[in-house]
1. Please pick out the residue among L145, L128, L114, L135 that is farther than 24 Å from D26 by Cβ, in the same structural domain as L11 (by TED's automatic domain parsing) and surrounded by 24 or more Cβ atoms within 10 Å (Cβ to Cβ).
2. Can you give me the number of residues within the range 246-278 that are assigned to a strand (DSSP E or B) and charged (D, E, K, R)?
3. So which of V336, V308 ends up being in contact with a Pro (Cβ under 9 Å, 6 or more places away or on another chain) and in contact (Cβ under 8 Å) with a residue 24 or more places away in the chain?
4. Tally the residues that are part of a loop (DSSP other than H, G, I, E, B) and touching a helix residue (DSSP H, G or I) at 6+ places or on another chain (Cβ under 7 Å), restricting the search to the range 87-119.
5. Since K270 meets every condition but one in (1) closer than 30 Å to E415 by Cα; (2) without any contact (Cβ under 8 Å) to a residue 60 or more places away in the chain, which condition does it not meet?
6. Exactly one of (1) buried (at least 24 other Cβ atoms within 10 Å of the Cβ); (2) assigned by TED's automatic domain parsing to the domain that holds A354 is unmet by G260. Its number?
7. Condition test on S50, is it in a helix (DSSP H, G or I), touching a Ser or Thr at 6+ places or on another chain (Cβ under 8 Å) and buried (at least 16 other Cβ atoms within 10 Å of the Cβ)?
8. If I ask for residues that are in contact with a strand residue (DSSP E or B) (Cβ under 6 Å, 6 or more places away or on another chain) and surrounded by 24 or more Cβ atoms within 10 Å (Cβ to Cβ), which ones from the range 53-66 would you list?
Amino acid sequence: MMAHRTAIQSLAEAIMSFQLETIPDDVLSLAKRCLVDVCGVTLAGSKTESAKLLFSTAAETYGRGNCDIVGTSHKMNAPCAAFANGAAAHALDFDDNCYAGIVHGSAVVFPAVLAVAQQRGEMGSKLLLGFVTGLEVEFAVAKALTNSIYDKGWWTTSVLGAIGSAAGAAKVAGFNREMTEHALSLAAVGAGATRAVRGTTAKHYYCGRAAELGVVSAIAAKQGATGPVDVFEDQSGLGQVLNDGIFDRTELEKLGEEYGIIDPGVDIKKYPVCYASHATADAVKEIMVANGLLARDIASLTCTVPPVVASNLTYHRPRTAAEAQFSLHFAIASIVLHGDITLKHLTTEVLSSAPIKRLMAGIIVKVGDIPQQHRSSKSICPEWGYVELNTQSGSHKSCFVGSPLGSASRPLSDEILKKKFNDCVQYKNSNNSEFTLYDKILNIELLQNAQDLFS
């Protein structure tokens, strides 16, 4: 029977079967960690000029309602809230990452399911169920398309996130199978942005749009709108047009049995910059700390990275915070100079300072292969980093990091995750009530009304 169903129909079937009671405890635990993280980075992101201008854009487009614009006192309708919160969640590029499709999952799915749950006054357990459902659908479609879609230049957070947000929205709204199919197909057929968005407001904009598209597609499906349920199989569908026909639908059959949040897992960032820089930054930090080095001790620093890192980190001399988030030179220089990369380092004052400029100018980045002696490492992600450093005294140091701290294989401890959350709340200059949000999320299934999550 599976062979005669379209991919959309298979996805809808799987969505209908998701129930909180049957989702493994470790999956729910990981989902709550993702919720803690995305709520924190959304609060922090709401302070940015990018989030503020995109909220103004949404407010002019949509109307008021009962859904939170996180980090503000505004209440708007579901599409507006999904858009604004999605933009804020990604505004600092501090949100989580998954190598199934190389996507930012939580920053798209959470704003969508939060908006629908708040609009309907659903319980926290329904929000959690929709969140897990949306992520798993997004990751399953990513696995079916393989990462080649990302390599071709599509920004998968936009393409796949819209499908995940539609799945989560449909689940929270309690759609039947037919409405779910059309919500998914309406979202899928209209999704897509290219990786040219990096370093600009467009990246945050299209994260918000992906969340918004999932919500609006669900609303349209409820009204009776239809979409092409063969959107993946059609000769002009997603599989063919975006990915040269590459689409392994057997990955969809594993939904509910295997979980993408576990394999390949979700990476939670400890630095507020593109994840492609994290392994190399960790390698530099390891050398500096292990040898007690300071910036003045460095004679030369060379980094070898895979092509995907070089293609993402294109700003060698960043002038703005947004550009710095996509600059390996900045990430390394910040580690060398400050020993860390934090939100307070992403300022024009820091970027224009003579020490950071001098350090960035001396860093050499080249594309290459993993050094032979490290190829047997058990933990190597697609965005590994290898650093060679020569000191003023003539010594040579090197370090290879296959997966940075915060990756699925080297997860942040609960203590570090909570510190990141608290740092984000403090960055936003939030009041004390928002510190209770951490405990609310860890016990979200006990929340009687999703409208109370941020209150």
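1. Numbers: L128 fails: farther than 24 Å from D26 by Cβ; L114 fails: farther than 24 Å from D26 by Cβ; L135 fails: farther than 24 Å from D26 by Cβ.
Just one listed residue meets the conditions, L145.
2. Kept after step one, since they are assigned to a strand (DSSP E or B), are these residues of the range 246-278: 255, 258, 266-267.
Going one step further and asking which of them are charged (D, E, K, R), we end up with 258, 267.
Within the range 246-278, residues that are assigned to a strand (DSSP E or B) and charged (D, E, K, R) number 2.
3. Numbers: V336 fails: in contact with a Pro (Cβ under 9 Å, 6 or more places away or on another chain).
From the options V336, V308, the qualifying one is V308.
4. Counting residues in the range 87-119 that are part of a loop (DSSP other than H, G, I, E, B) and touching a helix residue (DSSP H, G or I) at 6+ places or on another chain (Cβ under 7 Å) gives 11.
5. (2)
6. Of (1) buried (at least 24 other Cβ atoms within 10 Å of the Cβ); (2) assigned by TED's automatic domain parsing to the domain that holds A354, only one is false for G260: (2).
7. Values: in a helix (DSSP H, G or I): yes; touching a Ser or Thr at 6+ places or on another chain (Cβ under 8 Å): yes; buried (at least 16 other Cβ atoms within 10 Å of the Cβ): yes.
Considered against the rule, which asks whether it is in a helix (DSSP H, G or I), touching a Ser or Thr at 6+ places or on another chain (Cβ under 8 Å) and buried (at least 16 other Cβ atoms within 10 Å of the Cβ), S50 comes out as yes.
8. Across the range 53-66, there are no qualifying residues.
The values are calculated or read from the model by the stated rules, or taken from the named source; none is laboratory data. This is a predicted model, so every value here is computed, not measured. Don't worry about glycine lacking a Cβ; one is built from the backbone with ideal geometry, like all the others, and counts go over all protein chains shown.
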